[in-house]
Amino acid sequence: MSEPILNDVLTPEEAFKNNVNCICFELDEEMVKGLERLKKLFDIPMSVIIAEALRPFINTFLPIADLYEQGKLTADCIPDAVKCIESLVIKADVAKARLDKEVKKLEKQQKMKGGAGNERKGKSST
């Protein structure tokens, strides 16, 4: 894998000039804002976020593409592809479960902090 560059938002001209391996594709405004926010919050270059998300997808389908090009793609190959897709889904489910757990933990902490503060405010000293 190539090393990420510090400013990974490049024009095609900048990418060509700096001999950067890239593929330009269009993202909707919501995706761009989300990636920029993730970069700002977690200091992860956008190219790394996108590349790591695409890598399992590419790794799943390249063997199928190879077989197709060789004229060897048969119905027998489909179960292996399905296993890879299932693996992607399972990984996504695990990641979601971990995130949900973290969200619940943070919500519980906020309730505990907020609840303690509200109880004190509600009591009078008389």
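The values are calculated or read from the model by the stated rules, or taken from the named source; none is laboratory data. This structure is a prediction, so every number in the text was calculated from the model and none was measured. Cβ sites come from the backbone with ideal geometry, for glycine too, and all protein chains shown count toward neighbours.
Screening the candidates Leu73, Leu54, Leu41 for the property of being free of Cβ contacts under 8 Å to residues at least 24 places away in the same chain and assigned to a loop (DSSP other than H, G, I, E, B) yields one hit, Leu73.
Can you find a residue that is surrounded by 12 or more Cβ atoms within 10 Å (Cβ to Cβ), part of a helix (DSSP H, G or I) and in contact with a helix residue (DSSP H, G or I) (Cβ under 7 Å, 6 or more places away or on another chain) anywhere in the range 6-21? Before the answer, list the steps.
We begin by selecting, within the range 6-21, every residue surrounded by 12 or more Cβ atoms within 10 Å (Cβ to Cβ); these are 8-10, 14-15, 20.
Next, only the ones that are part of a helix (DSSP H, G or I) stay: 14-15.
The next check asks that each one be in contact with a helix residue (DSSP H, G or I) (Cβ under 7 Å, 6 or more places away or on another chain); those that pass are none.
No: the range 6-21 contains no residue that is surrounded by 12 or more Cβ atoms within 10 Å (Cβ to Cβ), part of a helix (DSSP H, G or I) and in contact with a helix residue (DSSP H, G or I) (Cβ under 7 Å, 6 or more places away or on another chain).
Checking each residue in the range 28-51 for being at pLDDT 80 or above and not aliphatic (A, V, I, L, M) picks out Asp28, Glu29, Glu30, Lys33, Gly34, Glu36, Arg37, Lys39, Lys40, Phe42, Asp43. The condition (being surrounded by 11 or more Cβ atoms within 10 Å (Cβ to Cβ), out of contact with any strand residue (DSSP E or B) (no Cβ under 7 Å at 6 or more places or on another chain) and over 28 Å from Ile23 (Cα atoms)) is satisfied by just one residue among Ile64, Ile85, Ile78: Ile78.
In the condition set (1) modelled with pLDDT of 80 or more; (2) part of a loop (DSSP other than H, G, I, E, B); (3) not acidic (Asp, Glu), Phe25 is compliant with all but (1). The set of residues in the range 80-101 being touching a residue at least 12 places away in the same chain (Cβ under 8 Å) and under 13 Å from the mean Cα position of the chain (by Cα) consists of Leu88, Lys91.
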